[in-house]
1. Roughly how many whole Å is it from the C-alpha centroid of segment 104-125 to that of segment 40-83?
2. Please build a GNM for the chain, connecting alpha carbons under 10 Å apart, and tell me which residue among 50, 81, 124 fluctuates the most.
3. Arrange the following residues from fewest to most other Cβ atoms within 10 Å of their Cβ: 48, 43.
4. Just to be sure I understand the curve: with the Debye formula and one point per C-alpha of segment 20-100, what is log10 I(q)/I(0) at q = 0.16, 0.22 Å⁻¹?
5. For the chain, modelled as a Gaussian network with Cα springs under 10 Å, which listed residue fluctuates most, 116, 34, 59?
6. Can you give me the convex hull volume of the Cα atoms of segment 7-143, divided per residue and expressed in Å³?
7. To the nearest 500 deg cm²/dmol, what mean residue ellipticity at 222 nm is calculated for the chain from DSSP H runs of n ≥ 4 alone, each contributing -39,500 (n - 2.57), summed and divided by the residues?
8. Running a GNM on the chain with Cα contacts under 10 Å, which residue among 121, 103, 39 ends up with the highest mean-square fluctuation?
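The numbers here are math on the coordinates, done by the rules we state, and not lab data. It should be emphasised that the depicted structure is a prediction, and the values quoted were computed from it without experimental measurement. Note that each Cβ is placed from the backbone with ideal geometry, even for glycine, and that neighbours are counted across all protein chains shown.
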């Protein structure tokens, strides 16, 4: 992973995707960099393991969904908005093998009033998209009383 032009993001302790205080956490480490189109891009490189298995030898759709949601949510949070997910739409293009390095990436597409729209995807080692999707996030700062993603 080239992190020389990337900023490592803070994790939040109890998160089951990236929290160091959660013994069941997947342990993802998030980075932020400038995407090809100039937008801020959030990404992590990791492997799904037996703990996230669905069909034999492949990741559970719920595990892949949670990772894409977390990436998109991080992208929206990094834009300064405190949000919760209101709608998640995913497309499963290819089976997600276990124990293979993959990359999840996401970015904020646009905002409209209290709404924020994000895009996320998980890429296989050959660059093929295994999962892609969009999320609608709604600002809800009253639900958060702690620092999160900066």
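1. Centre-to-centre (Cα) distance: 12 Å.
2. With Cα springs under 10 Å in the chain, the top fluctuation among 50, 81, 124 is at 50.
3. Least to most surrounded, the residues fall as 48, 43.
4. -0.73, -1.20
5. Among 116, 34, 59, the largest GNM mean-square fluctuation belongs to 34.
6. 108
7. -4000 deg cm²/dmol
8. Among 121, 103, 39, the largest mean-square fluctuation in the Gaussian network model of the chain belongs to 39.
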